[in-house]
1. Pull up region 285-310, narrow it to residues that are buried (at least 21 other Cβ atoms within 10 Å of the Cβ) and closer than 21 Å to residue 253 by Cα, then point me to the one that is modelled with the lowest pLDDT.
2. Hey, any hits in region 427-439 for a residue that's out of contact with any strand residue (DSSP E or B) (no Cβ under 8 Å at 6 or more places or on another chain) and either on the phi < 0 side of the Ramachandran plot or at pLDDT below 95 (or both)?
3. Hey, can you tell me all the residues within region 246-279 that are surrounded by 19 or more Cβ atoms within 10 Å (Cβ to Cβ) and free of Cβ contacts under 8 Å to residues at least 40 places away in the same chain?
4. Quick check: is even one residue across region 399-412 surrounded by fewer than 23 Cβ atoms within 10 Å (Cβ to Cβ), touching a residue at least 24 places away in the same chain (Cβ under 8 Å) and closer than 19 Å to residue 296 by Cβ?
5. Is it true that some residue in region 346-362 is in contact with a helix residue (DSSP H, G or I) (Cβ under 9 Å, 6 or more places away or on another chain), surrounded by fewer than 17 Cβ atoms within 10 Å (Cβ to Cβ), at pLDDT below 95 and closer than 29 Å to residue 12 by Cβ?
6. Can you tell me which residue among 468, 481 is within 27 Å of residue 36 (Cβ to Cβ), modelled with pLDDT under 95, within 24 Å of the chain's Cα centre (by Cα) and part of a loop (DSSP other than H, G, I, E, B)?
7. When you go through (1) crowded, with 19+ Cβ neighbours inside 10 Å; (2) in contact with a strand residue (DSSP E or B) (Cβ under 8 Å, 6 or more places away or on another chain); (3) part of a loop (DSSP other than H, G, I, E, B) one by one for residue 19, which number turns out not to apply?
């Protein structure tokens with residue numbers, strides 16, 4: 001597609017060059033009658049060739065939404081770039097203009113057209129429903145983008161009625177008990193995090209500001225009935241991007257002395273506690289819940305090795321395995337037990353596999369859970385260095401189970417999304433929806449799996465004739481839009 005091949009921009013990471021609208025997809029098997037809604041996915045998909053291809057990083061690709069609409073056993077599909085302010089400017093010129101905020105471009109950014117934003121935001125991380133509206137999310141700007149649920153066009157920007165003035169998370173969660181959306185705003189300039197909740201209609205309800213000791217990179221948040229929890233690692237991200245990006249500098253740094261700080265904030269009072277722990281980096285949380293004065297937390301953890309020089313983010317992402325040298329190991333599943341009374345932390349690794357993109361049955365977020373679902377790598381290892389299976393972890397001590405889809409090709413899944421059945425009879429009574437890539441066809445498919453029969457044949461395989469690049473996050477939104 002491009003004149004040069006950038007690192008991590010081929011195979012499953014290769015940008016998709018076209019927007020499609022396919023009204024009737026081929027289905028192998030049968031889509032369950034109670035799956036009526038849309039699986040929205042978001043990911044990185046650079047529209048124009050960067051000026052410095054070799055130093056471009058996958059994270060900096062423009063956001064592209066993918067929507068699988070399921071209705072009465074039939075499936076349709078469409079995809080569209082998220083039309084951000086920076087992409088509008090580049091469309092006007094017909095070429096790339098901006099240095100990426102994650103890349104190390106090495107050269108100063110050329111002058112921009114009059115009125116163009118100083119740096120380019122890319123809404124490529126997540127797509128969620130909030131207040132009966134759909135939003136495409138980024139984690140470097142102070143707003144999200146409202147999306148038309150059918151056309152996928154950008155309707156407007158959204159910043160909680162002007163109340164956000166720093167980096168808004170792209171990884172909110174909904175508390176099923178209260179209906180609140182839980183999220184954070186990280187203000188690296190002033191070394192603070194605002195822990196927030198919003199109503200189902202999108203109105204800000206609570207906001208607790210907590211001081212932090214360094215501008216640690218932060219991607220996810222989790223909660224229990226009484227607490228918000230984040231883990232701050234030794235990877236630093238200087239979020240004042242205008243001082244870095246236009247000059248060709250990476251905004252990343254590393255401080256081996258920091259270790260990991262587990263920050264726990266009372267949801268009701270805002271009182272915070274920080275617990276020093278080993279040095280590692282947390283990417284995603286599965287869930288957390290309370291047992292008396294103890295918080296049980298599950299998530300994915302990568303070990304860190306201090307780099308010999310400045311961090312170039314292309315050396316330690318994307319998922320799941322990276323080329324050496326790298327400050328990150330491949331991620332694994334861990335469980336933490338945080339004793340709030342004693343201020344101590346216990347932790348143990350779960351399973352013998354590489355895993356990322358954890359998702360639970362989200363009707364249990366903040367409460368005790370038994371199962372977790374992951375995209376992973378397990379024996380036999382993927383020859384392409386990608387995820388080669390989905391994993392179901394049973395925290396009641398039963399063996400982990402794996403779905404490889406096929407042993408005849410090195411197929412690779414993205415994030416699994418759990419959708420409960422109507423009137424479920426157990427925690428895992430539902431479906432796993434994931435988009436898999438077939439390297440032999442260079443095409444993708446939506447696979448629907450019975451979560452209780454995890455290693456069995458899929459219920460349905462919804463076929464595309466093109467590939468969907470490996471993305472980040474997405475969500476199932478039932479009809480009508482909730």
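1. Going through the qualifying residues, I end up with 304.
2. We begin by selecting, within region 427-439, every residue out of contact with any strand residue (DSSP E or B) (no Cβ under 8 Å at 6 or more places or on another chain); these are none.
No; the residues of region 427-439 include none that is out of contact with any strand residue (DSSP E or B) (no Cβ under 8 Å at 6 or more places or on another chain) and either on the phi < 0 side of the Ramachandran plot or at pLDDT below 95 (or both).
3. Result: 260, single match.
4. Going through region 399-412, the residues surrounded by fewer than 23 Cβ atoms within 10 Å (Cβ to Cβ) turn out to be 399-402, 404-410.
Now restrict to residues that are touching a residue at least 24 places away in the same chain (Cβ under 8 Å): 400-402, 405, 409-410.
Subsequent filtering for residues that are closer than 19 Å to residue 296 by Cβ retains 400.
Yes, that holds for at least one residue.
5. Quick first cut of region 346-362, residues in contact with a helix residue (DSSP H, G or I) (Cβ under 9 Å, 6 or more places away or on another chain) only: 361.
Imposing the further condition that a residue be surrounded by fewer than 17 Cβ atoms within 10 Å (Cβ to Cβ) reduces the set to none.
No; the residues of region 346-362 include none that is in contact with a helix residue (DSSP H, G or I) (Cβ under 9 Å, 6 or more places away or on another chain), surrounded by fewer than 17 Cβ atoms within 10 Å (Cβ to Cβ), at pLDDT below 95 and closer than 29 Å to residue 12 by Cβ.
6. Values: 468 fails: modelled with pLDDT under 95.
So the residue among 468, 481 that is within 27 Å of residue 36 (Cβ to Cβ), modelled with pLDDT under 95, within 24 Å of the chain's Cα centre (by Cα) and part of a loop (DSSP other than H, G, I, E, B) is 481.
7. (1)
Residues checked against (1) at pLDDT 90 or above; (2) crowded, with 20+ Cβ neighbours inside 10 Å; (3) touching a strand residue (DSSP E or B) at 6+ places or on another chain (Cβ under 9 Å):
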| position | (1), (2), (3) |
| --- | --- |
| 95 | yes, no, no |
| 110 | no, no, no |
| 131 | no, no, yes |
| 139 | no, yes, yes |
| 145 | yes, yes, yes |
| 153 | yes, no, yes |
| 156 | yes, no, yes |
| 169 | yes, yes, yes |
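The values are calculated or read from the model by the stated rules, or taken from the named source; none is laboratory data. Note that this is a predicted model, so its numbers are computed, not measured. Using ideal geometry, Cβ is built from the backbone for each residue, glycine included, and neighbour counts are taken over all protein chains shown.
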